[in-house]
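Take a look at the structure set out below.
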Amino acid sequence: MKETKAINRRKFLGYTAVGLGTGLGGPATRIQHYTAHVIKGDKDVVQALENSYLGPIFRLKTGQKVRVPFTNQIDQETIVHWHGLHVPEQADGHPRFVIKQGQAYIYEFELKNRAATYWFHPHPHGRTGPQVYNGLAGLFLCHSHNLEHEDLGMMRNYLVKA
Ligand SMILES: [Cu+2]
């Protein structure tokens, strides 16, 4: 009697494993990702993330001038929005500036933000969500030339809110 129960349990586990295997045989997940490299300047301002489809990470300082020639290599319209950065309208990645596959768009701006963590993501009308969760997103870290002053400001804000 005990032996029979043990066999049934093994069979149950076997069926469970088959069920999981079937789930893994579904359609492949679509992955889209940004790639970037430094054309001119400090090579450390762009960091690729190994074994991740997210990224890259931009690391720039307040006051730096940035020029990003962007080429759309996915089969959908897209444009890049620099979330939270104070940039000129033409560099903000509004959906009306969307570009088609194979087209390029040049972003130029001076980094005016204070030290903080920002991010960038696509912003085509009606396609922002799907493109982000398929991988098009990266961090934009803004550092300050005057870290002591920025740190004091952040501490003051923390104390006021606590
Ligand atoms: Cu945004």
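The values are calculated or read from the model by the stated rules, or taken from the named source; none is laboratory data. Bear in mind that the values here come from a model prediction, so they are computed numbers and not experimental data. All Cβ positions, even for glycine, are placed from backbone atoms using ideal geometry, and neighbour counts span all protein chains on display.
When region 62-90 is filtered for residues that are part of a loop (DSSP other than H, G, I, E, B) and among the acidic types (Asp, Glu), the ones remaining, listed by number, are Asp75, Glu77. For Gly93, the conditions (1) within 16 Å of the ligand (Cβ to nearest atom); (2) assigned to a strand (DSSP E or B) are fulfilled apart from (2). If I filter region 48-55 for residues that are in contact with a Leu (Cβ under 8 Å, 6 or more places away or on another chain) and within 16 Å of the ligand (Cβ to nearest atom), do I get at least one hit? Taking every residue of region 48-55 in turn, none turns out to be in contact with a Leu (Cβ under 8 Å, 6 or more places away or on another chain) and within 16 Å of the ligand (Cβ to nearest atom). Take the conditions (1) touching a residue at least 24 places away in the same chain (Cβ under 8 Å); (2) away from the ligand (no atom under 16 Å from the Cβ); (3) over 21 Å from Pro124 (Cα atoms); Asp42 misses just one of them, which is (1).
When only residues in region 72-90 that are of a type in the set (A, V, I, L, M, F, W, C) and within 16 Å of the ligand (Cβ to nearest atom) count, which is farthest from the chain's Cα centre (by Cα)? Only one residue tops the list, namely Val87.
Restricting attention to region 100-125 and to residues that are assigned to a strand (DSSP E or B) and in contact with a helix residue (DSSP H, G or I) (Cβ under 8 Å, 6 or more places away or on another chain), the residue that is nearest to the ligand (Cβ to nearest atom) turns out to be His121.
Ala6 satisfies every condition listed in (1) modelled with pLDDT of 95 or more; (2) over 25 Å from Phe97 (Cα atoms); (3) of a type in the set (Gly, Ala, Ser) except (1).
Restricting attention to region 45-69, the residues that are in contact (Cβ under 8 Å) with a residue 60 or more places away in the chain and among the charged types (D, E, K, R) total 2.
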